[in-house]
Every structure is written in C-alpha cells, then in structure tokens.
Amino acid sequence: MTTTRRKSSRGRTYGGESPEVRARRRYQAFLDAGLELFGTVGYRATTMRKLCKTAGLTDRYFYASFHSMEDLLVAVYEKQVAEIQQHIVTAVLAVQPKGDNQALINTGLDAFFAAVEDARVARVVWQEIMGVSPRVDALYNQTVQNFASLLKSLMQGIHPDWISNQDAGLVHRVALGVVGSVSQVTLDWLLSDYQAPRADVVASVAMILRGLLLVAEADS
C-alpha cells in the first residue's frame, strides 16, 4: 500500500505569499511594534502580551524571529541607527554645488535632526538602549564610534590635508567630542518635547562644526 506524506504547512503558499515572505512580514511587524512600544511606554515596561497585541501576532511567531525581548531591542535600535546614517549620507551626497561647506553642514544636520524628530526613534536610540546589559552597552559604544568615523569621512572630503597631517588619535577624539555634543543636544531636544524649532537646533550645532572647520582651515 502506498502512503502519502502530508506536506508541512510551513512550506505552503497562502494568499500568494511564500513562507519566507510571511516570515519577513512577521519580523517587520515585530520591529514596528517594538519601535512603537519601546519608544512610548519604554523597553522595560513592554511585556510580551503588549508586544504581540501591537504586532497582531502570537508569541509563537515572536520566538521564530527573536530569542528574547533584548534581541528585539537590538534589532530595532540597529535599524533606526542605520536609517539615520543613511538619511545623513543621502542628504550630503545630494548637496549642490559641491564644495559648499556651509550647505553641507546644514544639510547633513537637518537630515539628522529630521530623523530624530520622531520621538520614538530618539527615545529608543538615546534612552531605552542605555544600561540594558553589557552586550547592549558595547553596541551603543560601537555606534558612537561609527558616527565618529562617519564624521571623519565627511571631514576627509572637506579638508583632506588637515586630516592627514593630524595625529589619528587626536582626530578621533575630536570626532567623538563632536558626536557627544550632537548627542547631548538631541537628548535635550527630546526631553524638552521638541520645543525649539528644528532649524534653530540645526543652527546651534552648525556653529560647533563651523568652529571645527575654522580650526582645520587655520592649520592647513
């Protein structure tokens, strides 16, 4: 007698969606729910029940994508940071005419602050990520280092001679200092409920970067 093996439902296509497409959709649903909850009620106050309700899915699907709530926090954080960086790079590359340093600074900063004007994003990136675990602390520190490297790359394009003539450690510490300043301004803007217009915040931070350019020009 010939027996027919029942095909697993995990491999079936429903509504025109393959299992892979459904898995990606569920993954994105948890990312969206994580941003919404971590960015409003907070990471520590987010329960699995709240998360699944917001995502419109069950915990079974959560554990198919993530090992823990911390893993979801990391995924949400990394996604938002990557999008912020992409906003900056895209905006800076579009600056015309090339060589207009003032426009470069203003455009890059405006792209940055436009991205963090979403309070959920700012809360996740600047508040909820802090003090979660040594692993997450290391991720946060690496992110700061990455933003410093991005700033150094932008400076390299503006004043390559100044970058090459300076001690690498000095340049890195200067970049870290600028990133720290921007970070603190961002946190203050968030905690003040965005009372200052974005243009004013951009203008304030632009003064710091213009000061750095003046130093570079004087030393070149």
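The values are calculated or read from the model by the stated rules, or taken from the named source; none is laboratory data. Note that the structure is a prediction, hence the values are computed from the model and not measured. Calculation scope for accessible area: heavy atoms of the full protein, side chains included, ligands and nucleic acids excluded. Shrake-Rupley method; radii C 1.70, N 1.55, O 1.52, S 1.80 Å.
Could you work out [θ]222 nm for the chain from helices alone, using -39500 (n - 2.57) per DSSP H run of at least four and dividing by all its residues? Round to the nearest 500 deg cm²/dmol. Show your work: numbers first, answer last.
Working: 10 runs with 157 residues, N = 220.
My calculation for the chain gives -23500 deg cm²/dmol from helical runs alone.
In a Gaussian network model over the chain where Cα atoms closer than 10 Å are linked, find which of A175, A114, A94 has the largest mean-square fluctuation.
A94
Give me the count of lysine pairs in the chain whose alpha carbons sit under 29 angstrom apart, restricted to pairs 8 or more positions apart or on different chains.
Values: K50/K79; K53/K79; K79/K152; K98/K152.
Pairs that pass both the separation and distance tests number 4.
Give the Kirkwood hydrodynamic radius (Å, one decimal) of the chain, defined as one over the mean of 1/r across all pairs of different Cα atoms. Walk me through the intermediate numbers first.
On the way: mean 1/r = 0.0503 Å⁻¹.
Averaging 1/r across every pair of different Cα atoms and inverting gives 19.9 Å.
Using a 1.4 angstrom probe on heavy atoms only, work out the carbon and sulfur share of the accessible area of region 23-123 in %.
On the way: 2780 of 5110 Å².
Result for region 23-123: 54 percent of the exposed heavy-atom area is carbon or sulfur.
Which of H172, H87, H67 moves most in a GNM of the chain, Cα contacts under 10 Å?
H67
Which residue, Y61, Y43, Y27, tops the fluctuation ranking in a GNM of the chain built on C-alpha contacts under 10 Å?
Y61
With every protein chain left in place, what is the accessible area per residue of the chain in square angstrom, probe 1.4 Å?
57 Å²
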